[in-house]
Amino acid sequence: MTEENLIIEEKPIVEYTMGFGKVNLISILLTIPITAIFLTPFILIWDYDTFQAGKDLFFDHFFTFLLIGIIIHELLHGSTFGYFASNGLKSIKFGVKWKYLAPYCHCKEPLRVKHYKIGGAMPLIVMGIIPSLIGIVTGSGGILSFGIFFSWAAGGDIIALYMLQKLDNDIFVSDHPDKMGFIREVNQ
């Protein structure tokens with residue numbers, strides 16, 4: 001993570017960013033603990049064969065889940081950011097960084113850190129953690145596989161949430177217009 005002092009539009013800002021390549025690498029590394037956190041209790045309660053059967057079913061429909069999941073993931077960010085943005089959904093922009101195959105949701109106005117955290121965490125919670133817990137409780141390896149996969153897909157969000165931890169919840173931050181991360185005005 002880089003933290004740079006810059007001046008944009010004559011306003012001194014601090015930039016909290018990370019390159020997309022580094023984000024992708026850390027996200028790949030996060031798959032190990034994410035998988036262990038959810039798969040271990042499932043296997044202890046049920047068994048590996050039950051997980052394997054559900055995982056196979058999930059991957060039989062993988063591309064459908066992937067395409068619909070990407071859309072829902074970004075809509076969860078956008079609708080949550082839009083809820084807290086003063087201009088609502090008019091402040092939300094969607095796109096893809098094709099070089100890194102990274103879909104994104106960009107809020108064009110500053111949000112309080114606490115609201116930015118909620119918007120950043122929403123896909124992880126709704127598509128990752130909740131389905132994983134449902135899969136563990138019900139013994140559904142397919143639902144668990146869905147939850148684990150979409151927890152992996154929230155790797156960049158997990159990194160952004162980590163980067164936000166050192167900031168006060170009531171200050172305002174803005175999405176960085178070009179990089180993965182955010183900026184804040186220094187005079188806050």
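Tell me which residues, restricted to the stretch 16-39, are more than 13 Å from ALA160 (Cβ to Cβ), in contact with a strand residue (DSSP E or B) (Cβ under 8 Å, 6 or more places away or on another chain) and not polar (S, T, N, Q). Residue satisfying the conditions is GLY19 alone. If you take the residues of the stretch 48-77 that are of a type in the set (D, E, K, R) and surrounded by 13 or more Cβ atoms within 10 Å (Cβ to Cβ), which of them is farthest from GLY141 (Cα to Cα)? This residue is GLU74. Among the criteria (1) assigned to a helix (DSSP H, G or I); (2) of a type in the set (Val, Ile, Thr); (3) in contact (Cβ under 8 Å) with a residue 40 or more places away in the chain, the one VAL137 does not fulfil is (3).
Of the set (1) at pLDDT 95 or above; (2) farther than 27 Å from LEU39 by Cα, all apply to TYR104 but (1).
Yes/no per residue for (1) at pLDDT below 95; (2) of a type in the set (A, V, I, L, M, F, W, C); (3) in a strand (DSSP E or B):
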site	(1), (2), (3)
LYS90	no, no, no
GLY95	yes, no, yes
GLU109	yes, no, no
ILE118	no, yes, no
ILE125	no, yes, no
SER174	yes, no, yes
ARG184	yes, no, yes
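If only residues of the stretch 33-74 that are of a type in the set (A, V, I, L, M, F, W, C) and out of contact with any helix residue (DSSP H, G or I) (no Cβ under 9 Å at 6 or more places or on another chain) are counted, the one that is farthest from SER151 (Cα to Cα) is LEU44.
ALA102 falls short on exactly one of the conditions (1) of a type in the set (Gly, Ala, Ser); (2) free of Cβ contacts under 8 Å to residues at least 60 places away in the same chain; (3) touching a helix residue (DSSP H, G or I) at 6+ places or on another chain (Cβ under 8 Å), and that condition is (2). How about the stretch 147-188: which of its residues are acidic (Asp, Glu) and over 13 Å from the mean Cα position of the chain (by Cα)? Of everything in the stretch 147-188, those that are acidic (Asp, Glu) and over 13 Å from the mean Cα position of the chain (by Cα) turn out to be ASP168, ASP170, ASP175, ASP178, GLU185.
Give the stretch 50-88 a look and list any residue that's of a type outside the set (Phe, Trp, Tyr), assigned to a helix (DSSP H, G or I) and over 17 Å from the mean Cα position of the chain (by Cα), or say none. Hits for the stretch 50-88 are THR50, GLN52, ALA53, GLY54, LYS55, ASP56, LEU57, ASP60, THR64, GLY88.
Restricting the first member to the stretch 105-133 and to residues that are touching a residue at least 40 places away in the same chain (Cβ under 8 Å) and under 22 Å from ASP170 (Cα atoms), and the second to residues that are hydroxyl-bearing (Ser, Thr, Tyr) and part of a helix (DSSP H, G or I), the beta-carbon pairs closer than 6 Å and six or more apart or on different chains are CYS107/SER91; LYS108/SER91; GLU109/SER91; GLY119/THR80; MET122/THR80. Looking across the stretch 62-119, the residues that are among the β-branched types (Val, Ile, Thr) and more than 23 Å from VAL186 (Cβ to Cβ) come down to THR64, ILE68, ILE70, ILE71, ILE72, THR80, ILE92, VAL96, ILE118. Among residues of the stretch 73-88 that are at positive phi, those with a beta-carbon under 8 Å from a residue that is in a helix (DSSP H, G or I) and of a type in the set (Gly, Ala, Ser) at least six positions away or on a different chain give the pairs GLY88/GLY82.
The values are calculated or read from the model by the stated rules, or taken from the named source; none is laboratory data. Only a predicted model underlies this, so the values are computations on that prediction, with no experimental measurement involved. Neighbour counts run over all protein chains shown; Cβ positions are idealised from the backbone, glycine included.
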